[in-house]
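The values are calculated or read from the model by the stated rules, or taken from the named source; none is laboratory data. In this text, all values refer to a predicted model and were calculated from it rather than measured experimentally. For neighbour counting, all protein chains shown are included, and Cβ atoms are generated from backbone atoms with ideal geometry for every residue, glycine included.
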Amino acid sequence: MKGLIVAAGYGTRFLPVTKTIPKEMLPLIDKPTIAFIIEEFLETGINDIVIISSRRKKALEDYLDREMELEWLFSREAAAGSSSGEAKMAKIRPYNANFAFVHQQDMLGTGHALLQARHLLQNEPFLVAYPDDLHFGRPPLAAQLVEAYEATGKSVMAALHDPPDLHRYGVLDIAEDGLHVQDIVEKPPIGTEPSREASVGRYLFTPDIFPFLEEGWRAHSGTGEYYHIHALKRLMEQKQVVFHPMQGRRLDIGAPAGYLEALLRYAADNPELKSVLDRVYPQL
């Protein structure tokens with residue numbers, strides 16, 4: 001099984017910083033957000049990771065590459081007896097993973113992005129994650145989806161149960177068996193939601209999705225973005241999609257307000273950083 005990270009967008013809600021810095025490189029204190037997804041995949045046993053990127057995001061590739069100058073510097077410090085040398089080396093050591101980058105040359109939506117990586121993914125199930133959504137908890141969300149797939153053999157959608165702003169999500173229409181998803185309704189008016197389960201944009205897809213992605217792309221007008229929802233609904237028609245209520249905390253960092261909340265919550269879980277929060281913002 002492979003992991004797929006969709007990271008080609010412009011990140012316009014974070015301008016002007018995203019004029020030169022990929023949104024996926026914005027840090028929670030000292031770790032870029034994309035690193036949390038990568039580490040979640042690795043903890044789940046997924047070592048082959050495809051990243052859909054664009055020509056503006058060379059920094060992502062640089063981050064995942066070796067940094068020879070710093071390695072040389074820190075190794076000298078360690079050889080001289082400095083205890084911090086090895087600690088610094090550990091922070092920059094490359095992940096034990098195989099990365100492949102696919103450049104989406106035109107920003108034509110998530111359905112189009114998935115098709116760009118088809119040649120790397122089509123023969124096995126794969127996990128899809130967006131660095132906008134981070135998960136904290138045990139077991140990792142990726143592992144939860146893998147377990148659901150192994151139990152059913154079908155594509156799996158992660159769901160957040162009964163969020164307070166449910167009508168702002170894509171809401172799942174659950175079949176009578178309480179497991180299969182038969183439709184997804186985007187941002188339903190309050191009171192018309194088909195369930196209390198909101199899609200959080202984390203998926204495990206079987207290769208069966210690709211023919212439906214191709215089908216939808218052929219019917220696409222060629223203008224505007226092409227999303228994967230057509231293919232997902234076609235899989236639902238075949239009773240090939242189940243949902244999994246996620247366990248743990250989800251942090252949505254797709255906009256500045258959510259990013260700020262994620263920073264504060266992440267800092268609050270670190271005793272050293274929490275002491276700063278308690279001092280500066282005792283009311284928190």
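Would you mind stating whether residue 108 is modelled with pLDDT of 90 or more, surrounded by 12 or more Cβ atoms within 10 Å (Cβ to Cβ) and within 27 Å of residue 232 (Cβ to Cβ)?
No, not satisfied.
I'd like to check something: does the stretch 161-169 contain any residue that is within 22 Å of residue 35 (Cα to Cα), in contact (Cβ under 8 Å) with a residue 40 or more places away in the chain and touching an Asp or Glu at 6+ places or on another chain (Cβ under 9 Å)?
No, the stretch 161-169 contains no residue that is within 22 Å of residue 35 (Cα to Cα), in contact (Cβ under 8 Å) with a residue 40 or more places away in the chain and touching an Asp or Glu at 6+ places or on another chain (Cβ under 9 Å).
Just wondering, is there one or more residues in the stretch 192-207 that are within 22 Å of the chain's Cα centre (by Cα), without any contact (Cβ under 8 Å) to a residue 60 or more places away in the chain and on the phi > 0 side of the Ramachandran plot?
Checked against the condition, which is being within 22 Å of the chain's Cα centre (by Cα), without any contact (Cβ under 8 Å) to a residue 60 or more places away in the chain and on the phi > 0 side of the Ramachandran plot, the stretch 192-207 yields no hits at all.
Go through the stretch 166-216 residue by residue and tally those that are among the β-branched types (Val, Ile, Thr), outside any loop (DSSP other than H, G, I, E, B) and surrounded by fewer than 20 Cβ atoms within 10 Å (Cβ to Cβ).
2
If you take just the helices (runs of 4 or more DSSP H) that sit entirely in the stretch 1-105, which of them hold at least 2 residues that are of a type outside the set (Ser, Thr, Tyr) and farther than 27 Å from residue 207 by Cα?
58-64, 68-79, 83-92
Filtering the stretch 7-60 down to residues that are among the small types (Gly, Ala, Ser) and modelled with pLDDT of 95 or more, which residue is surrounded by the fewest Cβ atoms within 10 Å (Cβ to Cβ)?
Filtering the stretch 7-60 for residues that are among the small types (Gly, Ala, Ser) and modelled with pLDDT of 95 or more, the one surrounded by the fewest Cβ atoms within 10 Å (Cβ to Cβ) comes out as 45.
Would you tally the residues in the stretch 138-165 being within 22 Å of residue 255 (Cα to Cα) and part of a loop (DSSP other than H, G, I, E, B)?
The total comes to 4.
Return the residues of the stretch 123-167 that are in contact with a Phe, Trp or Tyr (Cβ under 6 Å, 6 or more places away or on another chain) and at pLDDT below 95; say none if nothing qualifies.
134
For the stretch 111-119, check the following and say yes or no: at least one residue is farther than 17 Å from residue 2 by Cβ and either touching a helix residue (DSSP H, G or I) at 6+ places or on another chain (Cβ under 9 Å) or surrounded by fewer than 16 Cβ atoms within 10 Å (Cβ to Cβ) (or both).
Yes, the conditions are met somewhere in the stretch 111-119.
Take the residues in the stretch 217-242 that are among the hydrophobic types (A, V, I, L, M, F, W, C) and touching a residue at least 24 places away in the same chain (Cβ under 8 Å); name whichever of them is surrounded by the fewest Cβ atoms within 10 Å (Cβ to Cβ).
229
Collect the residues in the stretch 107-137 that are farther than 19 Å from residue 244 by Cα, within 18 Å of the chain's Cα centre (by Cα) and outside any helix (DSSP H, G or I), keeping them in residue-number order.
Answer for the stretch 107-137, where residues must be farther than 19 Å from residue 244 by Cα, within 18 Å of the chain's Cα centre (by Cα) and outside any helix (DSSP H, G or I): 107, 109, 117, 131, 132.
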